[in-house]
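Only one structure is covered here, and it is reproduced in the block below.
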Amino acid sequence: MPTDGLNETTATSETAPSNFIRDIIIRDIQNGKNDGRVHTRFPPEPNGYLHIGHAKSICLNFGLAKDFGGKCNLRFDDTNPSKEETEYVDSIIKDVRWLGFDWEDRIFYASDYFEQLFQWAVQLIKQGQAYVCDLTADQVRETRGTTTEPGIESPYRNRSVEENLDLFHRMRAGEFPDGSRTLRSKIDMASPNFNMRDPVMYRILRAEHHRTGNDWLIYPMYDYAHGECDSIEGITHSICTLEFEDHRPLYDWYVKSLGIHQPQQIEFDRLNITNTMLSKRKLLLLVQKGFVSGWDDPRMPTLSGIRRRGYTPEAIRNFCGSIGVSKSNGVIELALLEHHIREDLNKRARRVMAVIDPIKVVIDNYPEGQTEEHIAPNHPDAPEMGERAVPFSKVLYIERDDFREVPPPKYPRLYPGQEVRLRYAYFVKCVGVEKDENGEVTVVHCTYDPASRGGDSPDGRKVKSTIHWVSAEHALNFEARLYENLLLEDAPQSEDLATQLNPNSLVVKANAKIEPSAKGSAPNTHFQFERVGYFNVDLDSTDEKLVCNRTVQLRDAWAKIEKKAK
RNA sequence: UGGGAGAUCGUUCAAUGGUAGGACAGCAGACUCUGACUCUGCUUAUCGGGGUUCGAGUCCCUGUCUCCCAGCCA
């Protein structure tokens, strides 16, 4: 049986459309900049799990490198030990690989460069471009100025090079308490760009680092570290999101002051998707507060979450390739992501019949105790995927929604007096119902036409619809987990997450039925439950109990018709 | 009200001074043993006002709107 979990690593063959970053690279190559090299990097901070927004950046960086015959590094931006953990490093490695990208031996960490970064800071001190400041965090903030007023220069700004060197080395040696001093760049307290108002380069922080342990008591800030890390690795195009536009002058200031290789920072728009939370901070909150079962809850937009949900790397790559890259911050419709997962799963998912919300059907004229098998293809358009036998007997289950005692106008499915086709089996006609004391239909009685075996009547008569079914005696009981958006359609703009969450984001159908061929399916096997949706086998599934996640529903024209009727 | 960035179909990305195009969504139809898939057709856009030009989404001026920035986070 084909399982495709972590083995789906074939690269996308999409022809990439033009975008402004490609234009820049093409121009750079033409001008012989960087000797025509293209070298990018994907630089996550290991402080959480990767989500679909990161997938855009991953596909962009690795994709650009591939398309231009260059390289792309994986680098962990681990300069803040108080937030970072090995668990996150491991998950990021797994997720990038799962998405189908390869960094060969180029996996790096900002922490690999701590000593070099320290030496460069010393160089900047010697050049008179950095100083040790004794102001507290509050004082730094108070003296930073406002949008209309310049900041106030620190009283420690003009310390001698010798004193700065001495103090900075003593910061490293642990002579001062956390937060008592910082190393700052001496730039311009009057700059209209706050990032240039003597930004902090190093802070004193006694926290165990997931890689360097307690070797360091001072840690470089992102702004100080990032350009140099890029420079060390020979990065040519340092691609990041729009909010770093204001940081670019500082990025350039450091590499220029140091006289080292200068990568070009290019900013693009972060991915936003309707009704989808793509903030690491908020996702962490969802996990911590128990609103979801974990980072890999199938409702999460994390790569581990959507992987568990049944999304494939191909679908995600195709999606990322189709959304484009620009500098305007837009919001992609969730429907586009769903389109790509349907498109991919339609090609690969084995068809199977499963009934999510069963209602019993008795074929009155079918012999008691008799069983027969009907042959069904595993994929309507892919004969090479084979076929399987589906057992049929007197008592069946069909979808509750496929029967109406009183049909609405134009209802094509089963109702008293109406004949439909049981897929791959027989024509059946509803001849009556049984009800419980509440008037609820409990059993639907039908008769079948033995001549229609296989699903077609020799007299050429047509039916309006074909419905799916399972044999009650042979079907496997299973648990279907149906997902909707985690966020409410009209989520209030509030910091209180609870008020924004959809109470129906997970509906468990513990009494669902599936044809026996699904027995023993491995986790992450993709199925199309015909006429219902794409599902995959969940991690929680065991030999005794099959558990399936609804990845995405099939497009449903009838639902639209019904909605309009209301 | 300082600085930075952006504005093209409902959404999103193209069009690099020369026929405004694709994808998704929507609508209509064909096909169908999945109201799925597939196929066909259709609707809909250059933020406003000036200017340059034979010709402007693209260049210039001006206005409007949106997003980002005052962490010892990244």
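In this structure, is A:Arg144 within 10 Å of RNA strand B (Cβ to nearest atom) and open to solvent by less than 20 Å² (accessible area, probe 1.4 Å)? It is false that A:Arg144 is within 10 Å of RNA strand B (Cβ to nearest atom) and open to solvent by less than 20 Å² (accessible area, probe 1.4 Å).
Residue pairs whose Cβ atoms lie under 7 Å apart, separated by 6 or more positions or on different chains, with the first residue in the stretch A:397-423 and without any contact (Cβ under 8 Å) to a residue 24 or more places away in the chain and more than 19 Å from A:His374 (Cα to Cα) and the second of a type in the set (Asp, Glu) and assigned to a loop (DSSP other than H, G, I, E, B), are A:Tyr415/A:Glu405; A:Pro416/A:Glu405. Cβ-Cβ distances below 6 Å connect no pair with a first residue in the stretch A:541-563 that is of a type in the set (Lys, Arg), a second residue that is in a loop (DSSP other than H, G, I, E, B) and within 14 Å of RNA strand B (Cβ to nearest atom), and a separation of six or more residues or different chains.
Of the residues A:Ile375, A:Ile359, which single one is more than 14 Å from RNA strand B (Cβ to nearest atom) and in a strand (DSSP E or B)?
Answer to the check: A:Ile359.
Taking the criterion of being among the hydroxyl-bearing types (Ser, Thr, Tyr) and modelled with pLDDT of 95 or more, the residues of the stretch A:3-57 that qualify are A:Thr40, A:Tyr49, A:Ser57. Entry remark, the stretch A:382-429: residues being open to solvent by 50 Å² or more (accessible area, probe 1.4 Å), of a type outside the set (D, E, K, R), within 12 Å of RNA strand B (Cβ to nearest atom) and closer than 23 Å to A:Pro516 by Cβ number 1 in total. Taken together, the residues in the stretch A:246-291 that are touching a strand residue (DSSP E or B) at 6+ places or on another chain (Cβ under 7 Å), exposed (fewer than 15 other Cβ atoms within 10 Å of the Cβ) and within 20 Å of A:Pro192 (Cα to Cα) amount to 0. One residue stands out among those in the stretch A:548-563 that are among the charged types (D, E, K, R) and at pLDDT 95 or above: the one that is farthest from RNA strand B (Cβ to nearest atom), which is A:Arg550.
Residues in the stretch A:297-338 that are closer than 21 Å to A:Glu489 by Cα, open to solvent by 30 Å² or more (accessible area, probe 1.4 Å) and in contact with a helix residue (DSSP H, G or I) (Cβ under 8 Å, 6 or more places away or on another chain): A:Arg299, A:Asn329, A:Leu336. Applying a threshold of 6 Å to beta carbon distances and a minimum spacing of six or more residues, or different chains, the list of pairs starting in the stretch A:190-210 at a residue that is near RNA strand B (Cβ under 6 Å from one of its atoms) and ending at one that is of a type in the set (Lys, Arg) reads A:Val200/A:Arg184. Checked against (1) crowded, with 22+ Cβ neighbours inside 10 Å; (2) farther than 29 Å from A:Phe244 by Cα, A:Gly294 passes all but condition (1).
Residues of the stretch A:205-257 that are farther than 28 Å from A:Leu64 by Cβ, assigned to a loop (DSSP other than H, G, I, E, B) and of a type outside the set (D, E, K, R): A:Leu205, A:Ala207, A:His210, A:Thr212, A:Asn214, A:Trp216, A:Leu217. Scoring A:Gly369 on the criteria (1) in a strand (DSSP E or B); (2) touching a Lys or Arg at 6+ places or on another chain (Cβ under 8 Å); (3) free of Cβ contacts under 8 Å to residues at least 60 places away in the same chain leaves a single failure, condition (1). Screening A:Asp67 against (1) within 13 Å of RNA strand B (Cβ to nearest atom); (2) open to solvent by 30 Å² or more (accessible area, probe 1.4 Å); (3) among the charged types (D, E, K, R) leaves a single unmet condition, (1). Answer with yes or no whether A:Leu283 is of a type outside the set (Ser, Thr, Tyr), touching a Pro at 6+ places or on another chain (Cβ under 8 Å) and away from RNA strand B (no atom under 13 Å from the Cβ). Here the answer is yes, as A:Leu283 does meet what is asked. A:Phe478 meets all of the listed conditions (1) touching a Cys at 6+ places or on another chain (Cβ under 7 Å); (2) within 30 Å of A:Gly305 (Cβ to Cβ); (3) open to solvent by 60 Å² or more (accessible area, probe 1.4 Å) but one, namely (3). If you check A:Glu338 against the conditions, is it outside any loop (DSSP other than H, G, I, E, B), within 15 Å of RNA strand B (Cβ to nearest atom) and under 23 Å from A:Met385 (Cβ atoms)? No: the conditions fail for A:Glu338.
Criterion first (exposed (fewer than 15 other Cβ atoms within 10 Å of the Cβ), acidic (Asp, Glu) and within 16 Å of RNA strand B (Cβ to nearest atom)) does A:Asp112 satisfy it? Taking the combined requirement at face value, the residue does not satisfy it. Only residues that are open to solvent by 20 Å² or more (accessible area, probe 1.4 Å), more than 10 Å from RNA strand B (Cβ to nearest atom) and not acidic (Asp, Glu) were counted across the stretch A:456-470, and they come to 3.
Among the residues of the stretch A:20-38, just one is surrounded by 18 or more Cβ atoms within 10 Å (Cβ to Cβ) and within 25 Å of the chain's Cα centre (by Cα), namely A:Ile21.
The values are calculated or read from the model by the stated rules, or taken from the named source; none is laboratory data. This is a predicted model, so every value here is computed, not measured. Heads up, the Cβs are rebuilt from the backbone with ideal geometry, glycines too, and the neighbour counts pull from every protein chain shown. The accessibility values were calculated without ligands, DNA or RNA, using every heavy atom of the protein model including side chains. Shrake-Rupley method; radii C 1.70, N 1.55, O 1.52, S 1.80 Å.
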